[in-house]
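Enquirer: Sharing a structure, written as structure tokens. Questions coming.
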Amino acid sequence: MKDHAHGFLQSLQPDQREKAVFPFASEERQNWHYIPRPRAGVPLKELTSVQREGADRLLQSVLSVEGLAKAREIMALEEILGKLEENGAHVRDPELYFITIFGLLGEGEPWGWRMEGHHLSLNLSVLDGDILGHTPFFMGANPAEVRSGEHSGKRVLRLEEDLARELLVDLGGEPRRQAVMSGEAPRDIITGADRQVRMQSLEGLPAASMNEHQRKLLANLVDLYMRNLSADLAQSHWSKIRAQGFDKLHFAWAGGAKRREGHYYRVHGPTMLIEYDNTQNDANHIHTVLRDLENDFGEDLLRKHYESGHQH
């Protein structure tokens, strides 16, 4: 990853590098969001084909083949969305995704990078060859389902919706009543673009109260989010979950149970949070996020690094 970051930086022109590079301690490093807005960094729109290859190598260093394909499909949805919206072509642009580098990539110094645009945010923090943090990791889809035109039927985040609903439907009686927090879904993921997750209570149905089949469905749902990441990063999440106990994961749902009804769910445990919401645009607009409750932006491991006597 560091080699790819070096290669990418070396390919940039001076004015591009000025846009792309920030100090690691910059406030900008945690200034993440998933809406269309002005962003720091250098956009794909301004990159040559060689520079784009360098950006792709950075993404490939942290995303799985499946995750990279989703990221590209999310960016491609901007063109579809632009055609659906009045004047959308002037706002929606599949090339308005920005790469930002934080730090100078020196030995013994923390550094990081971000790839971000509408409905995609990937945040990396690195030190001495180790990835300290790779969350918040946000993916969204608008439209969630393309309902007309040549791409009709396309659902970029199809399994994120369908696997959770399959679990909900399988629950019955008291377990389902415990899982459903509300008959109305929130308008967005509850944590939004918060820099620190403050959701403390574990609501919904714990895995400990599920039968074996339902626990398998929950594991498949969690694994779907982990599989967007490279195998080692996915494994690090699973190691934390197993260390705390899979039974401590809670599945919570709000809103309708049928397709095209506004709905929300989350999988919440001691170390991680997955949130999903599909209520906007007549329940055709998905937001998802994976958060590390101990270590978003690598903050916990960075704190331990500094406390051990490494001052920068």
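The values are calculated or read from the model by the stated rules, or taken from the named source; none is laboratory data. What you see is a predicted model, and the numbers here were worked out from it, not measured in a lab. Cβ: placed from backbone, ideal geometry, glycine included. Neighbour counts: every protein chain shown.
Enquirer: Out of the residues in segment 156-190 that are over 16 Å from residue 256 (Cβ atoms) and among the charged types (D, E, K, R), which is surrounded by the most Cβ atoms within 10 Å (Cβ to Cβ)?
Expert: For segment 156-190, the residue satisfying everything is 160.
Enquirer: While we're on this one: For residue 104, only one of the following conditions fails: (1) in the same structural domain as residue 36 (by TED's automatic domain parsing); (2) surrounded by fewer than 14 Cβ atoms within 10 Å (Cβ to Cβ); (3) modelled with pLDDT under 95; (4) under 29 Å from residue 281 (Cα atoms). What is its number?
Expert: Status for residue 104: all satisfied but (4).
Enquirer: Here's a check for you: in segment 225-260, which residue that is part of a helix (DSSP H, G or I) and of a type in the set (Lys, Arg) is surrounded by the most Cβ atoms within 10 Å (Cβ to Cβ)?
Expert: Restricting to residues being part of a helix (DSSP H, G or I) and of a type in the set (Lys, Arg), the top hit is 240.
Enquirer: Tally time: how many residues in segment 105-149 are part of a loop (DSSP other than H, G, I, E, B) and within 19 Å of residue 27 (Cβ to Cβ)?
Expert: Final tally of qualifying residues: 4.
Enquirer: Looking at (1) in contact (Cβ under 8 Å) with a residue 12 or more places away in the chain; (2) part of a helix (DSSP H, G or I), which is the one condition that is false for residue 18?
Expert: Residue 18 satisfies every listed condition except (1).
Enquirer: How many residues are in a loop (DSSP other than H, G, I, E, B) and of a type in the set (A, V, I, L, M, F, W, C) when one looks only at segment 197-224?
Expert: 4
Enquirer: Still on this structure: Just to be sure, is residue 194 acidic (Asp, Glu), in a loop (DSSP other than H, G, I, E, B), free of Cβ contacts under 8 Å to residues at least 12 places away in the same chain and not assigned by TED's automatic domain parsing to the domain that holds residue 92? Steps first, answer last, please.
Expert: On the way: acidic (Asp, Glu): yes; in a loop (DSSP other than H, G, I, E, B): yes; free of Cβ contacts under 8 Å to residues at least 12 places away in the same chain: yes; not assigned by TED's automatic domain parsing to the domain that holds residue 92: yes.
So residue 194 passes the test.
Enquirer: Quick one: is residue 290 touching a strand residue (DSSP E or B) at 6+ places or on another chain (Cβ under 9 Å) and outside the structural domain of residue 223 (by TED's automatic domain parsing)?
Expert: No, not satisfied.
Yes or no, residue by residue, for (1) touching a Phe, Trp or Tyr at 6+ places or on another chain (Cβ under 8 Å); (2) surrounded by 15 or more Cβ atoms within 10 Å (Cβ to Cβ); (3) without any contact (Cβ under 8 Å) to a residue 60 or more places away in the chain:
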position: 30; (1), (2), (3): yes, yes, no
position: 35; (1), (2), (3): no, no, no
position: 38; (1), (2), (3): no, no, yes
position: 41; (1), (2), (3): yes, yes, no
position: 50; (1), (2), (3): no, no, yes
